[in-house]
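A quick write-up on the structure given underneath.
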Amino acid sequence: MNVAALSPVASSAQPAIDPAAGARGLYIGGQWVRPVGRPSIPVVDPSTEALLAEVPDATLDDARAAIDAAAAAAAGWRATPPRRRSEILRRCFELMTARAEDLARLISLENGKALRDARGEVAYAAEFFRWNAEEAVRISGDFALSPAGGNHIIVDYEPIGICVLITPWNFPAAMATRKIAPALAAGCTVVLKPASETPLTAYVLAALYEEAGVPPGVVNVLTTSTPGPVTAAMLADSRVRKLSFTGSTPVGRTLLAEAAKNVISCSMELGGNAPLIVFDDADIEVALEGAMLAKMRNAGEACTAANRIYVQSGLYERFAAELTVCMTALKVGPGAETTTDCGPMITAKAVDKIERLVDDALGRGARLRCGGERPTGRGFFYPPTVLADVPTDAAIGCEEIFGPVAALSRFESEDEAVALANASEYGLAAYVFTRDLARGLRVSRRIDTGMVGLNRGLVSDPAAPFGGTKQSGLGREGGAHGVLEFLEAKYIATTL
Ligand code: NAD
């Protein structure tokens, strides 16, 4: 089934992909299922609050149908030779790359992110297909003589089975491909439930996978306004063996409890509260560039976003002043406009939260360097904001801001910086800036997070293991680790 509205070449300012192309129905068993007589879910452009499309609202019966479809396709996909699976994944990469501009515009439209960020996301998202196309033909087992010499140990890696994948709205393409590509490389079939705020990209990509040769039922996509019961029903189905979730820590906790009932394998990519540490000896240009990237990629709506910026006292005033200049220079506007640096937030509720965190910090003595005032008018905008001298008891230090607010505090010693960085229930990413490589590596190892950017404001890389410690999650996505999350080790003991 081709999507006529998808054109291979990007051109005008208007998205070549009609947003409604992603709203043709639930995608189950290779069919577009449009339930009649049921309410649907509105998808809103966060830049204008205009209605973009309406997508179907899946029920428990739809969820069962999706699992049925994934189950029906499982044996065939598992038996598909790795080389063939690899070629299909490679084709997904090629199609995504050929349509990158159109996909970026669609992401920008439904998510609000600046077009530059959306382009970056498409490249990142497509790369998971290229990487996993290469992984699909490199899944190998082990064969060894047991230490006692009496038997042989054979270890085979098998697809784990049917997978339920749940993704957030902040990276509508990449969070889905980061799961789908390794799952398919491993030989698994999947049901994807994207976030209701940004479902259009997921549906458009489903059509693209089909065009690339992914057989019916291997990838199924459904949207629902009742994710709790719908997910619980899928996890209660004994055919489901894997839950891979990306989203907030509170929802992750709920899903872990739900998955425990059937002892389902879980990969959890959860919330973050990244510290960014700048030592006195840092190259200030490198640190500023890194801080702007770590803070402002996706307008701060990233799990890896620098939530707390700690600057050593010798550099503090200069860094705060120069960061304020950089933040003030950013152009706020609709995501899909090419001149926009900082698009809107996803919802009015998201802006409410940012406003609450900023007010709380100011009420506790933080100083406002720029921004801080919510604009009137349509769209869910919040300006780039710098808060200096944020006290440790401010809520902004322990909650995800998920917005364009840089919260700066001062520190004196290396030990103090490490203690501040580790004073969080989260452990996803951290950033360290120093010219002293020995110190950089030492501090990186002392910080309890899954990832550290050392003199870099970006850690995401399809070839690297992405994931967190503490309450930021379980498991890793990307790199050689990504595909392992979808494989089960089968050990055969034999005497030859
Ligand atoms: P969220 O937890 O509210 O929602 C994530 C997904 O879970 C959505 O699809 C949502 O519909 C679904 N969901 C919500 N309640 C559910 C339930 N009871 N049962 C099943 N599914 C349910 O998160 P969000 O607001 O969409 O995304 C932002 C969060 O995601 C932030 O905390 C961010 O840090 C995190 N995130 C983490 C990573 C990572 O890789 N660690 C990446 C991106 C985002």
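The values are calculated or read from the model by the stated rules, or taken from the named source; none is laboratory data. Predicted model, so just to flag it, every value in this text is computed and none were measured. Every residue, glycine as well, gets a Cβ built from its backbone with ideal geometry; the counts of neighbours run over all protein chains shown. Accessible surface is based on the protein model in full, side chains and every heavy atom, while ligands, DNA and RNA are left aside. Shrake-Rupley method; radii C 1.70, N 1.55, O 1.52, S 1.80 Å.
Residue count for segment 337-357, restricted to those that are in contact with a Leu (Cβ under 7 Å, 6 or more places away or on another chain) and part of a helix (DSSP H, G or I): 0. Of all the residues in segment 424-445, those that are surrounded by 16 or more Cβ atoms within 10 Å (Cβ to Cβ) and away from the ligand (no atom under 11 Å from the Cβ) number 9.
Is it true that some residue in segment 408-415 is open to solvent by less than 10 Å² (accessible area, probe 1.4 Å), assigned by TED's automatic domain parsing to the domain that holds L323, modelled with pLDDT of 95 or more and part of a loop (DSSP other than H, G, I, E, B)? Scanning segment 408-415, I find no residue that is open to solvent by less than 10 Å² (accessible area, probe 1.4 Å), assigned by TED's automatic domain parsing to the domain that holds L323, modelled with pLDDT of 95 or more and part of a loop (DSSP other than H, G, I, E, B), so the answer is no. Annotation note: Cβ proximity below 8 Å between a residue of segment 63-92 that is among the small types (G, A, S) and a residue that is open to solvent by 30 Å² or more (accessible area, probe 1.4 Å) and assigned to a helix (DSSP H, G or I) (sequence gap 6+ or interchain) occurs for A63/A233; S86/E134. Does C188 qualify as being assigned to a strand (DSSP E or B), buried (at least 24 other Cβ atoms within 10 Å of the Cβ) and more than 9 Å from the ligand (Cβ to nearest atom)? Here the answer is no, as C188 does not meet what is asked. In segment 449-477, which residues are under 23 Å from A438 (Cβ atoms) and buried (at least 20 other Cβ atoms within 10 Å of the Cβ)? Residues satisfying the conditions are T449, G450, M451, V452, G453, G457, V459. The residue of segment 452-496 that is farthest from the ligand (Cβ to nearest atom), among those that are touching a residue at least 24 places away in the same chain (Cβ under 8 Å), more than 30 Å from P147 (Cβ to Cβ) and assigned to a strand (DSSP E or B), is G453.
For segment 269-295, filtering for residues that are more than 16 Å from the ligand (Cβ to nearest atom) and outside any strand (DSSP E or B) leaves 15. Among residues of segment 206-228 that are assigned by TED's automatic domain parsing to the domain that holds P172, those with a beta-carbon under 7 Å from a residue that is open to solvent by 40 Å² or more (accessible area, probe 1.4 Å) and not in a helix (DSSP H, G or I) at least six positions away or on a different chain give the pairs A207/M1; E210/M1; E211/N2.
Here is a yes/no grid of residues against (1) basic (K, R); (2) more than 27 Å from L184 (Cβ to Cβ):
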residue	(1), (2)
Y203	no, no
P215	no, no
L222	no, no
P227	no, no
T246	no, no
R253	yes, yes
I264	no, no
A274	no, yes
M296	no, yes
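Being within 15 Å of the ligand (Cβ to nearest atom), open to solvent by 10 Å² or more (accessible area, probe 1.4 Å) and closer than 20 Å to E54 by Cα, is that true of even one residue in segment 212-225? Yes, segment 212-225 contains a residue that is within 15 Å of the ligand (Cβ to nearest atom), open to solvent by 10 Å² or more (accessible area, probe 1.4 Å) and closer than 20 Å to E54 by Cα.
Taken across segment 244-259, residues that are part of a helix (DSSP H, G or I), small (G, A, S) and touching a residue at least 60 places away in the same chain (Cβ under 8 Å) do occur, with at least one present.
Within segment 241-253, the set of residues being within 17 Å of T167 (Cα to Cα) and either away from the ligand (no atom under 11 Å from the Cβ) or not β-branched (V, I, T) (or both) comprises K242, L243, S244, F245, G247, S248, P250, G252, R253.
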